[in-house]
Each structure stands twice: as C-alpha cells, then as structure tokens.
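> Below is the structure I would like to discuss, written out as structure tokens.
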Amino acid sequence: MARPNQPPRGATIVDVAARAGVSSMTVSRVINGRSGVSAATRDAVEEAIRELAYTPNVAARSLVTSTELRIGVIYSNASNAFMSEFLTGVFEEASARGARLSLLKGEGGRPPPAAAIEEMAASGISGVLLAPPLGEAPEVQRVLREAGCIRAAVGAYQSPETICVRIDDRAAAYQMTRHLLELGHRRLGFVLGNPDQAASAERMAGFYAAVRETGGVDVQVAQGDFTYVSGLAAAEQLLSSASRPTAIFASNDDMAAAVVSVAHRRHLDVPGELAVAGFDDTTAAITLWPPLTTVHQPVRALAAEALGLLIAEIAVRGGKSRVPRESILDHGIVERQSTAPLSADPS
C-alpha cells in the first residue's frame, strides 16, 4: 500500500522537477552528479526524488559513463515524403555507427512541447539531431542550449551553436529558374515556402536572381508553407490570374504536386499548357503524372552527414573541436516530363 501523499508508481523526471520547482535539466544534473547546482537546489531535488520514490532510468544513467551513443531525433515536418527520406538516412547511418535513436515528433507541423524536449534532453542522450524546420525554431534551440545538448540540424543556416548541413538553396533555385527561362517561359509563377525558414528566403532569392538577368519576365508569387494544402491554395491563386503563368516553380515537391493537381482539375495540360517544377526530388516527384522536374536535394545524405558530424562532435566533447560547423552538399536539376518548351501560343 502506498504511503500517504505518495503519488502512483512511475513518477518521471518531469514530476520531480515540478515538485522541486526546478527544470528537468537541473534534476538531470543532480542525478548525474554534475556541477552548476547550488546546495539548496540539490537538497530540494533530492527531497523530491525521495517523496516521489523516483528511480532514474538505469539505461539512461549508464550513458553518462559508457561509450554507448544515444541520439535524440526531433522532427515536425509537414512533408511526409521528405521525412521518409530523412529518417531512412538517419536509421542507416545510426545502424552503421552503432548509435541508438530516440525519436520525438511534434504534431501538426509544430515543435514538440518544451517539456517533452526537456525530458528527452535529461534522459541521458549524447546529442540531438533536428529535422527542418526545427533547426531554426527559437524555443527548441533555447531548451537544448539550456540543457547543454550538442546538436546538428538539416536544412538550417549557419549558427555558432549548431552543426548545420544543407545544400545551396539559392543556387539550386537559380538554376531551376534558368531552366524554365531557357525553355522560353516568360510568365513565371513562384510558390513560396514557409516564411519562418531561411531556406524559403534563399530559394526566393535564387528565383529572382535568375529573373533579373532576363528581360520581359512577368512574375506572380503566391505564399505557401511547404504543405500540399497550401500548394492547392497557391495554385488556385496563380491559375486564376487573367494572365496566368505558363510555368510555375514551387518551393518543394509537395506544393508542386498540388499545382499539377489543380492544373488537371482545370483541364490544363502539363506540360503543354503549364510547366511545373518542384524542389527536393522526393517520392512525391515520381508518384504523380507527369513526373516532376525538380531540384534534387540529397535528403538521405544530408541526414547521414548531419548525424556523422554530430557523433564526431560528441567524441571530442570537452576537447578542441575540429568538426565543421557547416556542411553544404551538392544538388542537381532532374528533368522529367512536367516541363517543356513554351508553346507557340501561350494563351
């Protein structure tokens, strides 16, 4: 029978933190005997542990003194196709390197709650890998910074605190836009990505850089957020124009697939009456008709590279790190059947 005032069995580190009035990070420091905790705070945490009959996870505790690698992977990406590629790259690299993975997913495209991230950070993980867009999420970065977590991010831009692995989004978008212009298109639509992500701004900058080099180009822009649904709305906006584009470049494959869907619904031939291009080269690019011309972003390789650099940084923790803070992988333009030269009569 439980003693009076004793909570049910199975108290977590979050329960201990709440009882002691401190963060989960502080509880973790006390449990693992780390410095940076005052005597009064340490006493409060230890008292809460006794009151709650909390037993730290033995496997998590062993990570403090063993060479076992346990990597936290935090993700919340609206594109299922992108995440499938990302996680495949992570799983393959983790298997090759003997690392265990702990996954934490945010819902609805939003980051996981801060408390969930704190609990993961306090569980004994060696480092954290962030899928886009979480490498640029201020609250996620704040929690991990306060926890002292080593971290790497895919798709994020240079940060002194985080290893960033990406492609050159601006150059990739420039090259795709040049491809459309070289096909003769002069009425271009562009679907923007999530405005909270640096990659979106870089892709837009690349698009406009190509346009500025060519005279007589009419540009129409619609806002998206990298989701298929946002691509539908953007396509409706662009294709409802009195002078509709003859080519639309969407900032990812999911939104490009949505553009193709709306074009079909409006009985527009792709690419005869409308050329469509995407970005990522995920499975979404080859599972619709016609298959998408797109920017090849090596998502699996990006994920594997980020995990490899994270593990290298973990290995030298406490010493002078020589691990690159930023790694930029190659991209390419993949031409498929969704783009074609401008017809003689673009109306």
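Nothing in this text is a laboratory measurement; each read-out follows from the coordinates by a stated rule. Nothing here was measured: the structure is a model prediction, and the numbers come from that model. In this analysis, Cβ positions are derived from the backbone assuming ideal geometry, glycine residues included, and neighbour counts consider all displayed protein chains.
> Starting at the first residue of segment 160-173, write each ³J(HN,Hα) from the Karplus equation 6.51 cos²θ - 1.76 cosθ + 1.60 with θ = phi - 60°, in whole Hz, x for Gly and Pro.
x, 9, 10, 6, 10, 10, 7, 9, 8, 4, 5, 5, 5, 5
> Quick check on the chain: of the DSSP beta bridges with both residues there, what percent are antiparallel, nearest 5%?
Close to 10 percent.
> Amide H neighbours of Ala153 under 5 Å, at least 5 residues apart or on other chains, H built in the peptide plane: list them.
Correct list: Leu130, Ile163, Cys164, Val165.
> Then there's this: Kindly list the residues of segment 245-261 that lie in the label zone of Arg336, defined by a backbone N under 20 Å from the point 7 Å along the Cα-to-C-beta vector.
Residues 247-261 qualify, since their backbone N sits under 20 Å from the label point.
> Please list 239-249, 107-117 highest first by mean number of surrounding beta-carbon atoms within 10 Å per residue.
239-249, 107-117
> Based solely on its DSSP helices, what 222 nm [θ] is calculated for the chain when runs of n ≥ 4 H residues each add -39,500 (n - 2.57) and the sum is averaged over all residues, nearest 500 deg cm²/dmol?
-13000 deg cm²/dmol
> Tell me, what HN-Hα J-couplings in whole Hz come from the Karplus equation 6.51 cos²θ - 1.76 cosθ + 1.60 at θ = phi - 60° for each residue of segment 330-339, using x for Gly and Pro?
6, 10, x, 9, 10, 8, 10, 7, 8, 10
> For segment 172-213, just say rounded, prolate or oblate: build the C-alpha gyration tensor, square-root its eigenvalues into a ≥ b ≥ c, call rounded for a/c under 1.5, and beyond that prolate if a/b exceeds b/c, oblate if not.
In terms of gyration-tensor shape, prolate.
> So, one more: Between Gln175 and Arg110, what FRET efficiency follows from the Cβ-Cβ distance if R0 is 25 Å, with the result rounded to 0.05?
It comes to 0.20.
> Check Ile248: other-chain or 5+ apart residues with amide H under 5 Å from its amide H, H built from backbone geometry?
Gly189, Ala275, Val276, Ala277
> While we're here: How would you rank 206-212, 222-228, 98-104, highest first, on the average number of other Cβ atoms within 10 Å across their residues?
222-228, 206-212, 98-104
> Arranged by the count of other C-beta atoms within 10 angstrom, fewest first, what order do Val191, Val16, Val219 take?
So the ranking, lowest neighbour count to highest, is Val219, Val16, Val191.
> Relative contact order for the chain: what percent, with Cα pairs under 8 Å and sequence separation of 6 or more?
Reported relative contact order: 16 percent.
> Same structure again: Under a point spin-label approximation (7 Å from Cα along Cα-to-Cβ), what is the Ser327-Ala315 distance to one decimal in nm?
Inter-label distance under the simple model: 1.2 nm.
> Follow-up. Can you give the FRET efficiency for Ser84 and Asp196, using 1/(1 + (r/R0)^6), R0 = 25 Å, r = Cβ-Cβ distance, to the nearest 0.05?
It comes to 0.65.
> Amide H of Ile333: which non-local residues (sequence gap of 5 or more, or other chain) have their own amide H closer than 5 Å, using H built in the peptide plane?
The list, which skips near neighbours in sequence, is His296.
> For the residues Met204, Met255, what sequence is obtained by ranking on other C-beta atoms within 10 Å, fewest first?
Ascending Cβ contact count within 10 Å gives the list Met204, Met255.
> How many percent of the alpha carbon pairs in segment 169-296 exceed a separation of 23 Å?
More than 23 Å apart: 19 percent of the Cα pairs in segment 169-296.
> Once both labels are modelled 7 Å past Cα along the beta-carbon direction, what's the Ser159-Ala39 spacing in nm?
3.8
> How many nm separate the modelled label positions at Ser343 and Ser261, each set 7 Å beyond the Cα in the direction of the Cβ?
If labels sit at Ser343 and Ser261, their model points lie 2.5 nm apart.
> Loop-only check: which trypsin sites (Lys or Arg not before Pro) in segment 242-344 are DSSP coil with at most 12 other Cβ within 10 angstrom?
Arg317, Lys320, Arg322
> Around Leu104, under 15 Å between beta carbons, what's the net of Lys plus Arg minus Asp minus Glu among the other residues?
For residues surrounding Leu104, the net value is +1.
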